[in-house]
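A.B. asks: Okay, here's the structure, questions in a sec.
The values are calculated or read from the model by the stated rules, or taken from the named source; none is laboratory data. Everything numeric here is computed off the predicted structure, so don't read it as measured data. Cβ coordinates were reconstructed from backbone atoms using ideal geometry, including for glycine residues, and neighbour counts include every protein chain displayed. In case anyone asks, the SASA skips ligands and DNA or RNA and just uses the protein heavy atoms, side chains included. Shrake-Rupley method; radii C 1.70, N 1.55, O 1.52, S 1.80 Å.
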Amino acid sequence: MTASASAAAATTMRAMQSDGPGRPLRLVTRAVPRPAPDEVLLKVSACGICRTDLHVLDGDIPALYPVIPGHEIVGRIVALGAAVAGFRIGQRVGVPWLGHSCGTCPYCRSGRENLCDYPAFTGCTRDGGFATHVRADARFCFSIPDRFSDIEAAPLLCAGLIGWRALRLAGDGKAIGLYGFGAAAHILAQVAAWQGRDVYAFTKPGDEKGRAFARSLGCIWAGSSEERPPVALDAALIFAPVGALVPLALKAVRKGGRVVCAGIHMSDIPSFRYVDLWGERSILSVANLTREDGLSFFEVVARSGIRTVTESVALDQANEAIARLRAGHVSGAIVLVP
C-alpha cells in the first residue's frame, strides 16, 4: 500500500494541541499528515502521559508551538514512506522521545546520538501522540513485546526507556535508591529486582500509599525522601524534578557511589558541603536515549516478567489527566486512548 493510498483512507485526525506555555490543551481537527520518505504514519492506539509533557506545556523546555504533545506512543502502521524498509502495514510499533538525530555531528558519529546537536523530539519539536494519527521517523521506532497490550506498553516508551538508561549509568551496584516513585520508578524497581539488586524507594513525606505501592513491586524498603536508608546506597536515581533531592541522595550513597538525575528538567540544586561529594561520589545527568538503549531495554522487558500499572482515559480528557499527574494523584502511569 502506498503512502498516498493509505492516507486517503482517513483524511482528518483529532488531536489535543498545545498553543503555547501555560495554556490548556485544545481539541483540534487537522488533516492526516503524509509520511516523508523515511517516515511511517501510525494510527495511534495509546499514548502515555509523561512528566516531560508537563515541562513542554509549562515552557520549561524549548518546544515548537503549536505542537501536539506525547512521546510514549503505541500505534499501528497505516502508511510507509517510499524509503522505509523493514516495516509493514499493520505492524505495531512504539515511538519514543528522541524522534530523529542528524547522524553527522560528532556525537552521532561517536554513537552518542542522545546528545545530537540537531535532534528532533517527539511531542516537543515535532508532533506527538496526543492524537489519532502521528508521523514518525521509521529509524526511531521500536517493536514491542507481544505480551504487553497497547495501554500496558505505552509507559515503556519513555518512563521505561529513560529509566533503563539511568539504571545502566548507575553501574552494577547492589543497593539502588529510587527517588520519586512514579511511572519510571515503578518499572525500574521491577527490572532492578529481577536483576538481583536491592531496591530502596523514596517518596514524598507522608505518602504511605506510594510506599505500599513500591513495596508491592519488589522494593525491600520504602521511606520518605528525607530519611536515610538502612544501608549506604551504591547508586541513587532521581526521577522527581526536585533539585533539593540531590544533596539528600549524596548523603545516602557510599564512597564511590553515583547520583543519577534522570529528568530532562529539574529545579535548581541547592548548595551542599564538599564533604558530601568527597570520597569519589559523582553526580551525572541522563539525556534522552539511543536506539541501542531501546533495543536492549525491550529485550529485558520481554524476559523479565515486569508489569506496568496503568490507567486509561479518553483523548479529550487529557487536560484533566494532566492535572491529576501534576498533583501526584496517579499510581503508575496514565495513558490516553484516542
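A.B. asks: Based on this model, can you work out whether ASP198 counts as open to solvent by less than 60 Å² (accessible area, probe 1.4 Å) and at pLDDT below 95?
C.D. replies: Answer is no for this residue.
A.B. asks: Can you give me the number of residues within the stretch 297-319 that are part of a helix (DSSP H, G or I) and either of a type in the set (A, V, I, L, M) or closer than 18 Å to SER110 by Cβ (or both)?
C.D. replies: 5
A.B. asks: Output the number of residues of the stretch 83-135 satisfying the condition of being loosely packed, with under 14 Cβ neighbours inside 10 Å and aromatic (Phe, Trp, Tyr).
C.D. replies: Residues meeting the conditions: 1.
A.B. asks: Sticking with this structure for a sec: Can you name the residue in the stretch 272-308 that is touching a Pro at 6+ places or on another chain (Cβ under 8 Å) and under 18 Å from ALA252 (Cβ atoms) and is also least open to solvent (accessible area, probe 1.4 Å) among such residues?
C.D. replies: Among residues in the stretch 272-308 that are touching a Pro at 6+ places or on another chain (Cβ under 8 Å) and under 18 Å from ALA252 (Cβ atoms), the one least open to solvent (accessible area, probe 1.4 Å) is ASP276.
A.B. asks: For ALA63, state whether it is open to solvent by 10 Å² or more (accessible area, probe 1.4 Å) and either over 25 Å from PHE142 (Cα atoms) or at pLDDT 95 or above (or both).
C.D. replies: It is true that ALA63 is open to solvent by 10 Å² or more (accessible area, probe 1.4 Å) and either over 25 Å from PHE142 (Cα atoms) or at pLDDT 95 or above (or both).
A.B. asks: Further, regarding this structure: Got a sec? Which of PRO62, PRO145, PRO106, PRO96 is out of contact with any helix residue (DSSP H, G or I) (no Cβ under 8 Å at 6 or more places or on another chain), over 22 Å from PRO21 (Cβ atoms) and of a type outside the set (Phe, Trp, Tyr)?
C.D. replies: PRO106
A.B. asks: If you don't mind, there's one more thing I want to ask. Any idea which of ALA192, ALA183 is among the aliphatic types (A, V, I, L, M) and either open to solvent by 50 Å² or more (accessible area, probe 1.4 Å) or more than 24 Å from GLN317 (Cβ to Cβ) (or both)?
C.D. replies: Answer to the check: ALA192.
A.B. asks: Would you be able to say whether some residue in the stretch 201-220 is open to solvent by 50 Å² or more (accessible area, probe 1.4 Å), in a strand (DSSP E or B) and in contact with an Asp or Glu (Cβ under 7 Å, 6 or more places away or on another chain)?
C.D. replies: Looking for residues that are open to solvent by 50 Å² or more (accessible area, probe 1.4 Å), in a strand (DSSP E or B) and in contact with an Asp or Glu (Cβ under 7 Å, 6 or more places away or on another chain), one finds none in the stretch 201-220, hence no.
A.B. asks: Pairs needed: first member in the stretch 143-158, closer than 17 Å to GLY90 by Cα; second member anywhere, open to solvent by 10 Å² or more (accessible area, probe 1.4 Å) and assigned to a helix (DSSP H, G or I); C-beta distance under 6 Å; at least 6 residues apart or different chains.
C.D. replies: Close Cβ pairs (under 6 Å, with a partner that is open to solvent by 10 Å² or more (accessible area, probe 1.4 Å) and assigned to a helix (DSSP H, G or I)) amount to PRO145/ALA302.
A.B. asks: Another question, then. When you scan the stretch 83-95, do you find a residue that is at pLDDT 95 or above, of a type in the set (D, E, K, R) and within 19 Å of ALA333 (Cβ to Cβ), even just one?
C.D. replies: Checked the stretch 83-95: at least one residue is at pLDDT 95 or above, of a type in the set (D, E, K, R) and within 19 Å of ALA333 (Cβ to Cβ).
A.B. asks: Out of all the residues in the stretch 34-61, which are under 17 Å from the mean Cα position of the chain (by Cα) and assigned to a loop (DSSP other than H, G, I, E, B)?
C.D. replies: Of everything in the stretch 34-61, those that are under 17 Å from the mean Cα position of the chain (by Cα) and assigned to a loop (DSSP other than H, G, I, E, B) turn out to be CYS50, ASP60, ILE61.
A.B. asks: Tell me which residues, restricted to the stretch 325-338, are over 16 Å from the mean Cα position of the chain (by Cα) and modelled with pLDDT of 95 or more.
C.D. replies: VAL337, PRO338, listed by residue number.
A.B. asks: Something else: Look at the stretch 66-82 and say how many of its residues are under 16 Å from THR125 (Cα atoms) and either open to solvent by 10 Å² or more (accessible area, probe 1.4 Å) or assigned to a loop (DSSP other than H, G, I, E, B) (or both).
C.D. replies: Summing the residues that are under 16 Å from THR125 (Cα atoms) and either open to solvent by 10 Å² or more (accessible area, probe 1.4 Å) or assigned to a loop (DSSP other than H, G, I, E, B) (or both) in the stretch 66-82 gives 5.
A.B. asks: Looking at GLY177, GLY173, GLY243, GLY196, which is the one that is at positive phi and over 15 Å from the mean Cα position of the chain (by Cα)?
C.D. replies: Every option except GLY196 fails the conditions.
A.B. asks: Is there a residue being at pLDDT 95 or above, closer than 26 Å to ALA175 by Cα, within 21 Å of the chain's Cα centre (by Cα) and open to solvent by 20 Å² or more (accessible area, probe 1.4 Å) anywhere in the stretch 310-320?
C.D. replies: no
A.B. asks: State the number of residues belonging to the stretch 246-271 that are open to solvent by 20 Å² or more (accessible area, probe 1.4 Å) and either touching a strand residue (DSSP E or B) at 6+ places or on another chain (Cβ under 6 Å) or β-branched (Val, Ile, Thr) (or both).
C.D. replies: 3
A.B. asks: Please state which one of ASP150, ASP146 is open to solvent by 10 Å² or more (accessible area, probe 1.4 Å) and at pLDDT 95 or above.
C.D. replies: So the residue among ASP150, ASP146 that is open to solvent by 10 Å² or more (accessible area, probe 1.4 Å) and at pLDDT 95 or above is ASP150.
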